[in-house]
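Read through the structure below, which is laid out as structure tokens, and then see the notes.
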Amino acid sequence: MAIREPLMNKEYFEFAIDSRNKYIVELKEDIKTNNPKIPNWGVVYNQLCFDQLNLVFLKYSAGYSIEECKNLTLETIKNYIISENHKDNEPDKFNDYIGVYEDGLRLTCLSILFNIDTLIIEDLKKTFDETKGKSDFLLDNLLKFRINFQKSSEKLIFPKFYSQLAEVFSNKNKEECVKKYLENWYNLMKSTSWHNTHKKSKTGSVSSFVGYWAIEAAAVTYVLDIDDTSYKKMPYYPADLVDYARSSKK
């Protein structure tokens with residue numbers, strides 16, 4: 001199992017994955033037993049989704065198989081839909097905070113790259129529409145690759161972060177456009193909560209670093225069928241997810 005994320009070693013990822021798994025097992029046990037001490041089940045499902053989505057990226061970074069990451073992603077999306085629609089939950093809107101939007105974007109990108117069942121993606125889009133407020137140009141253009149819907153947004157909710165990538169949809173030189181986005185990606189994301197977390201994380205302690213992946217660049221590459229030869233080996237680009245998406249497309 002070859003590590004995909006070079007910024008941390010095998011021991012770091014093993015500890016981080018084991019720790020996250022323990023949290024997930026505890027949350028699932030609360031759900032299974034309908035723990036009477038839980039005052040708000042929306043919070044429990046929110047935490048479960050947060051931990052599972054982070055675990056997807058931890059396992060991908062650590063070199064786990066794409067199939068294992070796919071199975072975990074499918075479970076995460078299903079729990080995300082439950083969480084956002086739970087009667088105890090008051091969902092944050094996409095425009096409230098970049099992290100809320102990032103979760104939705106990452107789940108969308110993973111669902112597309114893993115070629116997850118259309119019905120699941122339709123439920124995800126419906127959840128966005130009913131709980132997340134404004135629609136978004138990037139999300140809509142990715143989702144339209146798999147499902148049909150009438151109205152889509154012409155605006156980005158977070159242009160500061162994603163305007164360079166959004167240009168790919170109208171730019172004639174799409175390959176160069178994605179490459180430029182990847183070159184700037186880490187600096188573009190410097191005001192996110194996860195930026196520079198590798199510097200604050202260490203083996204044997206609860207850490208927030210799960211790997212740095214421009215998953216949205218991979219999804220755009222796939223849906224627009226862009227030749228990624230010139231940026232295939234660039235940092236932050238999960239090239240094997242695009243290869244998997246192309247080889248497993250139904």
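The values are calculated or read from the model by the stated rules, or taken from the named source; none is laboratory data. Just so it is clear, the structure is predicted and the values come from calculations on it, not from any experiment. So basically every Cβ, Gly included, is an ideal-geometry build from the backbone, and we count neighbours across all protein chains shown. Accessible surface areas use protein heavy atoms only, side chains included; no ligands, DNA or RNA. Shrake-Rupley method; radii C 1.70, N 1.55, O 1.52, S 1.80 Å.
The table below gives the values:
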quantity	calculated
Most positive-pole-ward Cα, Phe114, Leu7, Gly42, against dipole of region 1-141 from beta carbon charges	Leu7
Prolate/oblate/rounded label for region 97-250 (Cα gyration tensor, a/c 1.5)	rounded
Å² per residue, accessible surface of region 44-198 at 1.4 Å	45
At least 27 Å along the helix axis (C-alpha) and Kyte average at least 0.0, DSSP helices within the chain	41-62
Dipole of region 125-245, positive end: most advanced residue of Tyr236, Phe169, Val210 [Cβ charges, Cα centre]	Val210
Cβ-Cβ FRET estimate between Lys22 and Thr229, R0 fixed at 41 Å, reported to 0.05	0.50
Extended-chain gain in nm, criterion 0.36 nm per residue less alpha-carbon gap, Asn71 and Lys249	62.5 nm
Listed residues Val242, Val25 arranged by accessible area, highest first, probe 1.4 Å	Val25, Val242
Rounded percent of accessible protein surface that carbon and sulfur make up, region 97-250, 1.4 Å probe	48
Length added when fully stretched, Gln47-Glu14, from 0.36 nm per residue minus Cα-Cα	9.8 nm
Ordering of 225-234, 35-44, 92-101 by burial proxy (mean other Cβ atoms within 10 Å per residue, highest first)	92-101, 225-234, 35-44
Helical mean residue ellipticity (222 nm; -39500 (n - 2.57) per DSSP H run of 4+; nearest 500) of the chain	-19000 deg cm²/dmol
Anchor Lys180: lysines whose Cα lies under 19 Å away (excluding residues fewer than 8 positions away in-chain)	Lys160, Lys172, Lys190, Lys232, Lys233
Where Lys70, Lys172 fall by accessible area, highest first, once all protein chains stay in place (1.4 Å)	Lys172, Lys70
